[in-house]
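Chemist: This is the structure I have questions about; it appears just below.
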Amino acid sequence: MADTDPYQPENIFARILRGELPAHKVFEDEVALAFLDVMPQSHGHTLVIPKLSVRGMIDMPADAWGPYMVRVQKVAAAVKKGMEAEGLTVRQYEGAAGGQTVFHLHFHIIPRWVGEPLRRHGDSMEKEDVLKANAAKIRAAF
Ligand code: AMP
């Protein structure tokens, strides 16, 4: 997809937002939705998306950043606590050349433990029961 292409309403995250595709949701309010990444780079890898139809950070209206990042922070705290992580890696990939594969803005919240390397980005599908268990741990930490 070219960086000049408009927002595509059929992208996977838009479909999750509309309830057309399932997700292991951990948080939702009027501003944002958070759910587990199905190809996690570590246990508990969570994505936080705004409820605005924007491709990436450059398209995000300036006045929408504050409310959205408050949710990113809130979810990050719950992911760290729920997964008993020692730290987090927070990432955002912008544009295909930047590594973005789903063109609806999202931040990755990736739990970290000392000495545990990350799995590769978008490498392999996690088992449903593992995702379910990790989502329950994170939901309980808000
Ligand atoms: P990015 O490459 O930054 O656009 O990240 C997209 C992320 O979405 C990748 O880490 C994928 O593993 C993840 N992903 C793709 N499809 C789904 C899905 N249906 N549910 C949850 N995560 C997904």
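Taken together, the values in this text are just the output of simple stated rules run on the coordinates, not laboratory data. Just so we're clear, the structure is a prediction, and the values are computed from it rather than from any experiment. Neighbour counts are summed over all protein chains in view; Cβ atoms, including those assigned to glycine, are modelled from backbone coordinates with ideal geometry.
Chemist: Would you confirm whether any residue within region 122-140 is of a type in the set (Val, Ile, Thr), within 12 Å of the ligand (Cβ to nearest atom) and surrounded by 15 or more Cβ atoms within 10 Å (Cβ to Cβ)?
Modeler: no
Chemist: For region 49-72, how many residues are within 12 Å of the ligand (Cβ to nearest atom) and more than 13 Å from Val102 (Cβ to Cβ)?
Modeler: Final tally of qualifying residues: 1.
Chemist: Quick check on my filter: what residues within region 35-48 are of a type outside the set (A, V, I, L, M, F, W, C) and within 7 Å of the ligand (Cβ to nearest atom)?
Modeler: Asp37
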